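Structure first, then comments.
The values are calculated or read from the model by the stated rules, or taken from the named source; none is laboratory data. Small disclaimer: the values here were computed from a predicted structure and weren't measured. With ideal geometry, Cβ positions are generated from the backbone for all residues, glycine too; neighbour counts draw on all protein chains shown.
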Amino acid sequence: MTSDNGGGGQKYEWQSWPPDSLEGMPLKRRRLVVWGLLWLMVLNFVLRLALDAVGIPEPWLSLIFAAVLAAVFVPLVRGAITETRALRAEGVDMPAFVMTRKALTVLSIITGVLWVVFAILAFLGELVFPLVPIAWTVLLAFQARQFKSLPR
């Protein structure tokens with residue numbers, strides 16, 4: 001991971017890549033992104049099928065799903081945070097995702113659509129737990145707070 005002959009005073013190999021590419025991320029952050037994509041594309045579908053096949057009712061299905069999600073991602077997030085803090089302590093400048101008005105609008109639309117889907121399912125009499133809309137609402141609140149704190 002370390003290369004002492006990096007150009008421009010760069011200490012790590014991944015710094016030579018564009019920061020918005022997968023290769024331009026530190027190792028543990030890259031691992032978090034890859035597991036997130038794997039979860040969204042494959043594991044989410046497989047876990048839902050397996051839990052549905054067992055016949056677990058919906059409130060428990062969502063809780064088990066959230067527990068497995070937390071078991072996978074909490075250690076990955078903690079590792080990425082620790083790595084980021086260590087890199088900052090070394091003086092390595094980490095490129096940050098800056099919240100823009102467009103990104104905040106897209107996040108608001110996605111949150112609204114999730115709440116509408118939840119309301120429709122609840123109106124149809126389906127027993128659903130609003131875990132995902134709640135999580136997106138919390139994310140929206142944090143991102144809106146970050147957007148407000150940016151200098152104009």
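In the stretch 70-85, the residues that are of a type in the set (S, T, N, Q) reach residues that are exposed (fewer than 15 other Cβ atoms within 10 Å of the Cβ) with C-beta atoms within less than 8 angstrom, at least six apart or across chains, in these pairs: T84/M94. Of all the listed residues (L114, L150), the sole one being at pLDDT below 90, at negative phi and aliphatic (A, V, I, L, M) is L150. Here L63 qualifies as modelled with pLDDT of 80 or more and not assigned by TED's automatic domain parsing to the domain that holds G125.
Of all residues in the stretch 101-132, those satisfying the criterion of being more than 26 Å from P59 (Cα to Cα) and without any contact (Cβ under 8 Å) to a residue 12 or more places away in the chain are K102, T105, V106. Within the stretch 86-105, the set of residues being modelled with pLDDT of 85 or more and either acidic (D, E) or surrounded by 11 or more Cβ atoms within 10 Å (Cβ to Cβ) (or both) comprises A86, L104.
What about V34, is it at pLDDT 75 or above, out of contact with any helix residue (DSSP H, G or I) (no Cβ under 9 Å at 6 or more places or on another chain), of a type outside the set (G, A, S) and under 29 Å from P130 (Cβ atoms)? Judged against the criteria, V34 is a match.
Screening A135, A89 for residues that are closer than 22 Å to L63 by Cβ and without any contact (Cβ under 8 Å) to a residue 24 or more places away in the chain leaves exactly one candidate, A135. Across the stretch 25-34, the number of residues qualifying as part of a helix (DSSP H, G or I) and either surrounded by 16 or more Cβ atoms within 10 Å (Cβ to Cβ) or over 14 Å from the mean Cα position of the chain (by Cα) (or both) comes to 5.
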